[in-house]
1. Distance cut-off 20 Å, Cα to Cα: go down the list Lys275/Lys340; Lys136/Lys275; Lys18/Lys132; Lys33/Lys132; Lys115/Lys198; Lys132/Lys275 and report the pairs above it.
2. Length gain on complete extension for the stretch Arg124 to Gln381, per 0.36 nm per residue less the alpha carbon to alpha carbon distance?
3. Taking amide H atoms as placed 1.01 Å from N in the peptide plane, list the residues 5 or more away in sequence, or in a different chain, whose amide H sits under 5 Å from that of Ile246.
4. Return the sequence-ordered ³J(HN,Hα) values of segment 416-429 in whole Hz as given by the Karplus equation 6.51 cos²θ - 1.76 cosθ + 1.60 applied to θ = phi - 60°, using x for Gly and Pro.
5. Whose amide H sits under 5 Å from the amide H of Gly98, counting only residues 5 or more places off or on another chain, with H placed in the peptide plane?
6. What list of ³J(HN,Hα) values in whole Hz, one per residue of segment 200-217 in order, does the Karplus curve 6.51 cos²θ - 1.76 cosθ + 1.60 (θ = phi - 60°) give from phi, with Gly and Pro shown as x?
7. Using a Förster distance of 35 angstrom, determine the FRET efficiency expected from the C-beta separation of Ala407 and Ala84, and round it to 0.05.
8. For segment 168-281, which semi-axes, largest first and in whole Å, follow from the square roots of 5 times the eigenvalues of its Cα gyration tensor?
Amino acid sequence: MSAEVTRGWLESYAELEKRRTEKMPGWLSALRKGSLERFAEIGFPSARDEEWRATDLSALLSGRFQLPAPAPRQLPSDLVQRAAVGALEATNLVFVDGRFQPNASSQFSLPAGVKLVSLAQAMREMPEVLEKHFAKNPGENGSFAALNHAFFEDGALLLLPPQAAVEKPIHLIFFSSGDGAATFSHPRVLVVAGEGSKARLVESHLGLGERYFSNSVTEIEIGPGAQIEHLRLQREQAGAYHIGRIEVQVGRNGRFSSFALSKGAALSRLDLSVKLAGEGAECGLDGLMLGSGSQQLDVHSKVSHLVPHGTSRQLYKAVLGGTSRAVFNGRVVVCEGAQKTDASQKNRNLLLTPEATVYARPQLEIYADDVKCSHGSATGQLDAESVFYLRSRGIGEAQARQMLTEAFAADVLSRIEPAELRQSLRELALAGMFSGPGKERA
């Protein structure tokens, strides 16, 4: 089946090439062709691949996905409202099937020198920036990243000059249309943060149709002393498939903070790779997976401490009901010479039903001797004594269980600032977790 599926994607690429109207620069053309060749060579991963043995791709690979229409049909008037995060006041850039929709987007004024444009516009106006920063390690990231390199049509570029500070959040909203058929899209984001710059980026993934495949890649380059806060909200439709990859490089005294919410899609997987490449670099990675029905939700993180005096913190949680399944595969690598590294990794999981399952694999690889590193994982059910305590205070069992579940899930949101955004994300994450007395929504 694998060869047949791969052949279908090669045919889709040939169809996409016929549609292209703008001439690509040589470096991009070479990247596309090289990525397609790599995909054709390695195909899709299987259970024999160590990094994918806990991710069941059979449902995704059993279907045939096609190119979306060149232009989406009439877009819903409430397009942006569907992606709203409470009353978040933000600059909104909207994409449908990976293509920028200027009429649905809105921008506040940005500091001097800050560039927030579509990749298509950047290709026309600043191709040298893309050539320098785009897809810096195309051969390292596997078949899904190779597909994105080959198929992406548009995306977002955020370019922050030194010392620039963007006060209002930037919200990148990616819709998949479905377009009446099972379609695919390959969203793309590139962030280049100059020395001492600062911004908060919200990246949302949602669907208009019911069945589709979204395969996204986000690259973030953080210069010395720069700070990027990245909130990724995966809220795809129940019949969708979502594969996402985030690649981050942090320079000297830079900081990257991340929160990833996974609560949609039949199958969802996020691969997050952070390289702490400058002394004093920091990252804080948090995530929440909320599963019900027969969903599968995966998070795979890798933090590489390349130089001394790096700090990393990770906290990932899952709340699972029905027959849903989650995977947390966390890896911290402390390279030779990366002395004075301080790294911690925690994974906590709550099972609401006996049929829900979690596969957890926290890992440490340490090649330096003067470090402080810890990791751990715990999975369990609601504490019976805590439920009994609340019931003894006049609270019904269903409400008591819901209160404890929400408290467990909301804890991972505690480091998000400001408080208004934290509260909005709490409401968004927990909405619909329970559809009735003591039962999660299927």
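1. From the list (Lys275/Lys340; Lys136/Lys275; Lys18/Lys132; Lys33/Lys132; Lys115/Lys198; Lys132/Lys275), the Cα-Cα distance tops 20 Å for Lys18/Lys132.
2. 87.1 nm
3. Thr218, Asp271, Leu272, Ser273
4. My calculation for segment 416-429 gives 6, 10, x, 4, 5, 5, 4, 5, 4, 5, 4, 5, 5, 5 Hz in order.
5. Hits under the 5 Å cutoff: Phe175.
6. Values, residue by residue: 10, 10, 10, 10, 10, 10, 9, x, 9, x, 9, 10, 6, 10, 10, 10, 10, 9 Hz.
7. 0.90
8. With the √(5λ) rule applied to segment 168-281, the semi-axes are 30, 12, 10 Å.
The values are calculated or read from the model by the stated rules, or taken from the named source; none is laboratory data. What you see is a predicted model; the values in this text were computed from it and never measured. With ideal geometry, Cβ positions are generated from the backbone for all residues, glycine too; neighbour counts draw on all protein chains shown. Just the protein is used for accessible areas: all its heavy atoms, side chains included, with ligands, DNA and RNA removed. Shrake-Rupley method; radii C 1.70, N 1.55, O 1.52, S 1.80 Å.
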